[in-house]
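The structure appears right after this line, and notes come after that.
Nothing in this text is a laboratory measurement; each read-out follows from the coordinates by a stated rule. Since the structure is predicted, the reported quantities are computational estimates derived from the model, not experimental observations. Glycine gets a Cβ as well: all are built from the backbone with ideal geometry, and neighbour counts include every protein chain shown.
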């Protein structure tokens, strides 16, 4: 074969290879097919905190059903795999790995808990998979900014500052802290301490409870002897109810205030309407009964389409908001969805859901910072 012929053969092979490269389909990200877009969630659906995960999933599914009824995202229906982690860190990490590797989800949403999500962040960020929304205000999920973690709620520092400022404005200065001994509780304790420091104050006492426990006797003894005017509780449903009940049984009736993760409706149901009355609770989502907001009207309609007997609450609303933020971001994407396009879409411009806005930039994935102060009133109603 002559050198000229060899050169022609090589040129022809190169051209074929180039054409083959142009005709080869672009590999889609996992979780994307011609007619579906698959998402994943890990939250507690069993154990003492199951009510939280169940309510949040209800809201997410309501949002997905709403958009799927109109054809989905670019003709792709949204599907969801939701795994139970029981609010245990190790299970959340394992679920995150399984959602990415086994279930091949496109992205994640609606996780639950500070310590579980912080541990899972190494997994999903290492795999380049975005997570939109988790029930946590912990600083470990906000600083430094992780480009795959998108928070939708105010931080615990925001919530505790609002509580402390409110109490001090009322002339209450003897403030104790009852907190869960994990990332959630410790983050809240730091927030309260910093908030009090701004007023030249410090907690008069602190008491702890282990995660997933209602053993509050030691905390009650420690806090009661300081005779606080108010107790800020950085705890979830069961220990909050147990602590307030035990304090009152011991003859102590300070002002009890807790953070949004407790779940106002759930607390009233757990303690009974009369016993829960007067407990203050911060909120980081809009008032679920405010039909003046387009978001709330849409949420309540979507909720009843899923279950005509469903009652509004803050947790299902937060799940719905999480689902709607994911939907709005996906709808902004031009062409086939990819994880990198989803990140760029979320960071591109604020998302207005009709009276509630979340906003991300490459340097701030905080989402929102609004805090509302509410109280459990007569008949278990949540009052603003």
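The table that follows gives values for the structure above.
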quantity: GNM flexibility winner over the chain from 50, 292, 368 (Cα, springs under 10 Å); calculated: 292
quantity: Helix 339-348 vs. the chain, principal-axis angle (Cα, 0 to 90°, nearest 10); calculated: 60
quantity: All-pairs Cα distance distribution in the range 104-210, expressed in whole percent, bin size 5 Å; calculated: 2, 12, 21, 19, 15, 12, 9, 6, 3, 1, 0
quantity: Relative contact order, percent, the range 213-344 [alpha-carbon distance under 8 Å, six or more residues apart]; calculated: 18
quantity: Two-decimal Rg to Rh for the range 75-133 - Kirkwood Rh, Cα set; calculated: 0.95
quantity: Order of 347, 318, 370 under a 10 Å beta carbon neighbour criterion, fewest first; calculated: 370, 347, 318
quantity: Packing-based exposure ordering (other Cβ within 10 Å, fewest first) of 313, 51; calculated: 51, 313
quantity: For peptides 159-170, 268-279, sequence by mean Cβ density within 10 Å, most packed first; calculated: 159-170, 268-279
quantity: Values of log10 I(q)/I(0), in the order q = 0.12, 0.17 Å⁻¹, for the range 265-355 under a Debye, Cα-only, solvent-free model; calculated: -0.51, -0.84
quantity: Taking the range 156-283 and dividing mean pair separation by its residue count, relative contact order in percent (alpha carbons under 8 Å, at least six apart); calculated: 25
quantity: Tail fraction, Cα-Cα pairs, the range 120-166, threshold 16 Å, whole percent; calculated: 42
quantity: Sorted by Cβ neighbour density within 10 Å, fewest at the top, the residues 236, 109; calculated: 109, 236
quantity: Computed Kirkwood radius, in angstrom, where 1/r is averaged over Cα pairs of the range 156-283; calculated: 14.1
quantity: Spatial extent of the range 189-262: Rg and Dmax, with the Cα atoms as the point set, Å; calculated: 12.0, 34
quantity: Cα long-axis angle, helix 3-23 against the chain (0 to 90 degrees, to the nearest 10); calculated: 40
quantity: The range 156-207 shape via C-alpha gyration tensor axes, a/c threshold 1.5; calculated: prolate
quantity: From the coordinates shown, Cα Rg over 2.2 N^0.38 Å corresponds to which of [x] 0.99; [y] 1.15; [z] 1.21; calculated: [y]
